[in-house]
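Notes to accompany the following structure.
The values are calculated or read from the model by the stated rules, or taken from the named source; none is laboratory data. This structure is a prediction, so every number in the text was calculated from the model and none was measured. Reconstructed Cβ throughout: ideal geometry from the backbone, glycine too, with neighbour counts over all protein chains shown. Note: accessible area is taken over every heavy atom of the protein model, side chains too, but ligands, DNA and RNA are not part of it. Shrake-Rupley method; radii C 1.70, N 1.55, O 1.52, S 1.80 Å.
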Amino acid sequence: MSDQWYGDKSYSQHGEDLAIVNIFRLLENYRPSYLDVGAHHPTRISNTALLYSRGSRGVNVEANPNLIQAFKTQRPGDINLNVGVSVTSGVLPFYMIDKTSGRNTFNKSEAEQFVKDYPQFKISEILNINTLTLPQIVGQCPNGVFPDFLSIDIEGQDYGLLQSVDFSVSSPKVICVEVQFGDS
């Protein structure tokens with residue numbers, strides 16, 4: 001058994017989930033609810049898998065139709081939405097680098113830059129994906145308010161999405177956002 005209260009197993013890309021569990025422990029919230037936008041996979045590179053394994057429940061939002069079934073199978077206690085998130089609802093082109101990676105994005109220039117930087121990859125497919133706004137998704141959360149924890153990883157669209165939300169109505173206690181070097 002580990003001497004670490006928050007454990008020695010991490011599902012996150014950089015161990016963020018261990019910090020998140022510890023923050024909520026300090027807040028005396030041992031089963032925080034969550035909203036995982038750009039959830040990617042139920043366990044691989046996941047900021048919420050550790051929370052789920054400890055009894056927390058929430059909403060996972062993943063635009064890639066190739067990935068959502070794994071959430072439905074492995075995280076049946078969660079609400080799992082196969083939509084994109086944008087500042088406006090509608091339909092947007094989704095640039096697929098491959099079937100299951102986190103490299104896929106609604107940001108055309110981000111996809112093109114990735115392919116330029118890594119010529120072994122290409123944009124293999126462009127799908128038209130339904131999108132909802134973050135407030136529309138929060139409306140599907142229990143009580144229609146932000147959960148305790150918000151995780152956002154949407155390949156270069158993160159900051160713009162956060163700017164579009166009025167947090168005065170409701171807000172999460174903790175937010176984790178992917179930051180890429182070169183982001184403003």
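A few points about this structure:
- Test: residue in the stretch 113-123 that is open to solvent by less than 40 Å² (accessible area, probe 1.4 Å) and either at pLDDT below 90 or farther than 27 Å from Tyr11 by Cβ (or both): yes
- Residues in the stretch 144-161 that are within 13 Å of the chain's Cα centre (by Cα) and either surrounded by fewer than 18 Cβ atoms within 10 Å (Cβ to Cβ) or of a type in the set (Gly, Ala, Ser) (or both): Ser151, Gly156.
- Filtered by the rule that a residue be small (Gly, Ala, Ser), crowded, with 19+ Cβ neighbours inside 10 Å and touching a His at 6+ places or on another chain (Cβ under 9 Å), the stretch 71-109 gives a lone residue, Gly102.
- Leading residue by the ranking (modelled with the lowest pLDDT) among those in the stretch 163-179 that are within 26 Å of His14 (Cβ to Cβ) and open to solvent by less than 40 Å² (accessible area, probe 1.4 Å): Val165
- Residues that are open to solvent by 40 Å² or more (accessible area, probe 1.4 Å), part of a loop (DSSP other than H, G, I, E, B) and not polar (S, T, N, Q), drawn from the stretch 134-143: Gly139
- Note on the stretch 50-70: residues that are among the small types (Gly, Ala, Ser) and surrounded by 22 or more Cβ atoms within 10 Å (Cβ to Cβ) amount to 3.
- Filter result for the condition that a residue is among the basic types (Lys, Arg) and touching a residue at least 24 places away in the same chain (Cβ under 8 Å), over Lys122, Lys72, Lys116, Lys108: Lys122
- Scanning the stretch 6-64 for residues that are of a type in the set (A, V, I, L, M, F, W, C), in contact with a helix residue (DSSP H, G or I) (Cβ under 9 Å, 6 or more places away or on another chain) and under 30 Å from Val91 (Cα atoms) turns up Leu35, Val37, Ala39, Ala49, Val59, Val61.
- Checking Leu35 against (1) touching a Gly at 6+ places or on another chain (Cβ under 7 Å); (2) more than 24 Å from Ser10 (Cβ to Cβ), the condition it does not meet: (2)
- Index of the failed condition, Asn22 passing every other in (1) crowded, with 16+ Cβ neighbours inside 10 Å; (2) farther than 19 Å from Val165 by Cβ: (1)
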